[in-house]
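A.B. asks: Pasting a structure below so you can have a look.
The values are calculated or read from the model by the stated rules, or taken from the named source; none is laboratory data. These numbers come from a predicted model, not from an experiment. So basically every Cβ, Gly included, is an ideal-geometry build from the backbone, and we count neighbours across all protein chains shown. Ligands, DNA and RNA are stripped out before the accessible areas are found, and what is left, the full protein with its side chains, is counted by its heavy atoms. Shrake-Rupley method; radii C 1.70, N 1.55, O 1.52, S 1.80 Å.
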Amino acid sequence: MMRNFLTISALALAVAACGDKTAAPAADAPTAPAIAAPAGQNWVDVVAATPEGGFRMGNPDAKVKLVEFASLTCPHCREFHETAAATLKAKYVASGNVSYEYRNFVLNGPDYAATVLARCQGATAFFGLLDNFYNDQAGWTEPFGRIPKADAEALGKLPENQAIARLAELGGLADYMKLRGVPRAKFDQCLADPVQLKAVNDLRNQAVDQYKLTGTPSFIINGTVQEGVFTWADLEPKLQAALR
């Protein structure tokens, strides 16, 4: 799986697989009564890795379990987070009635490298790094388009466990992560960890094989794939219906 990302689209920030953006009417406020978070906590701050491989925010026993499969390099995924994140957290996750789980669906080499680095920091740091990667998407992806041809070709000759690390370095992610508190030793450790690399591949296989997803972002509510839903305007009415 990783070899395909590096040789076919290591430098291409693939966006063709991103979902379309057909809008739906805005939804009303949720009707379910709020569920109290553990003492001294907000449900938004209750985060954990899930057995399925994602990172979940909110009440693990929430009535509505929302899963998003998304790519860090997909512009439509960035737009979803720009429009949805604040409301999703404050109105839905904080109520204890909706949990939100993010599962990475990588599309290309830069996405793969950034995904490994974000996930490797664990659940507590993951959602903050997710915000960083989306807010800075244009900036952190741009250096990958300037990698010299010779260096790009050399990636295909490296062992898989070295190629993704080299790509991350060529794209400037070592400095990007250092500014966010990840030292070089941790950077190297994450990108060389076969467990981390396998987890990313497993999530992509899950998206394609189990859920038959073809693009990002894609959403699942209580185990059901939401067909034709790509934006917050599309998704919020679906959450409202599940809360009733």
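A.B. asks: Any residue that is in a loop (DSSP other than H, G, I, E, B) and open to solvent by less than 20 Å² (accessible area, probe 1.4 Å) - is there at least one of those in the range 78-87? Explain how you work it out, then say what you get.
C.D. replies: In the first step, residues of the range 78-87 are kept if they are in a loop (DSSP other than H, G, I, E, B); the result is none.
Checked the range 78-87: no residue is in a loop (DSSP other than H, G, I, E, B) and open to solvent by less than 20 Å² (accessible area, probe 1.4 Å).
A.B. asks: Moving on to the next point. Here are some conditions: (1) touching a Gly at 6+ places or on another chain (Cβ under 6 Å); (2) over 26 Å from ASP193 (Cα atoms); (3) surrounded by fewer than 19 Cβ atoms within 10 Å (Cβ to Cβ). SER99 meets all but one. Which one does it not meet?
C.D. replies: Tallying (1) touching a Gly at 6+ places or on another chain (Cβ under 6 Å); (2) over 26 Å from ASP193 (Cα atoms); (3) surrounded by fewer than 19 Cβ atoms within 10 Å (Cβ to Cβ), SER99 fails exactly one: (3).
A.B. asks: Okay, next question. THR83: among the hydroxyl-bearing types (Ser, Thr, Tyr) and within 15 Å of the chain's Cα centre (by Cα), yes or no? Break it down into steps so the answer makes sense when it comes.
C.D. replies: Numbers: among the hydroxyl-bearing types (Ser, Thr, Tyr): yes; within 15 Å of the chain's Cα centre (by Cα): no.
No, not satisfied.
A.B. asks: I've got another one for you. If you check every pair at least six apart or on different chains, which have Cβ atoms under 6 Å apart with a residue in the range 221-244 that is over 22 Å from ARG78 (Cβ atoms) and touching a residue at least 12 places away in the same chain (Cβ under 8 Å) first and a residue that is open to solvent by less than 30 Å² (accessible area, probe 1.4 Å) and part of a strand (DSSP E or B) second?
C.D. replies: ALA242/VAL64; ALA242/ILE221; LEU243/VAL64
A.B. asks: Tally time: how many residues in the range 202-225 are within 30 Å of ASP151 (Cα to Cα) and modelled with pLDDT of 95 or more?
C.D. replies: Our first condition is that a residue be within 30 Å of ASP151 (Cα to Cα); within the range 202-225, this holds for 202-205, 215-216.
If we keep only those that are modelled with pLDDT of 95 or more as well, we get 202-205, 216.
Result for the range 202-225: 5.
A.B. asks: Can you give me the ranges of the helices (runs of 4 or more DSSP H) entirely in the range 169-242 with at least 1 residues that are open to solvent by 30 Å² or more (accessible area, probe 1.4 Å), out of contact with any helix residue (DSSP H, G or I) (no Cβ under 8 Å at 6 or more places or on another chain) and under 17 Å from ASP111 (Cα atoms)? Quick ask: steps written out before the conclusion?
C.D. replies: Working: elements: 173-178, 184-192, 194-205.
The helices (runs of 4 or more DSSP H) meeting that bar are 173-178, 194-205.
A.B. asks: Can you confirm whether ALA125 is surrounded by fewer than 17 Cβ atoms within 10 Å (Cβ to Cβ), small (Gly, Ala, Ser) and at pLDDT 95 or above? Step through it out loud before you land on a result.
C.D. replies: Details: surrounded by fewer than 17 Cβ atoms within 10 Å (Cβ to Cβ): no; small (Gly, Ala, Ser): yes; at pLDDT 95 or above: yes.
Here the answer is no, as ALA125 does not meet what is asked.
A.B. asks: Hey, among ALA113, ALA123, ALA94, which residue is out of contact with any strand residue (DSSP E or B) (no Cβ under 8 Å at 6 or more places or on another chain), among the small types (Gly, Ala, Ser) and under 19 Å from GLY58 (Cα atoms)?
C.D. replies: Values: ALA113 fails: under 19 Å from GLY58 (Cα atoms); ALA123 fails: out of contact with any strand residue (DSSP E or B) (no Cβ under 8 Å at 6 or more places or on another chain).
Being out of contact with any strand residue (DSSP E or B) (no Cβ under 8 Å at 6 or more places or on another chain), among the small types (Gly, Ala, Ser) and under 19 Å from GLY58 (Cα atoms) holds for just one of ALA113, ALA123, ALA94, which is ALA94.
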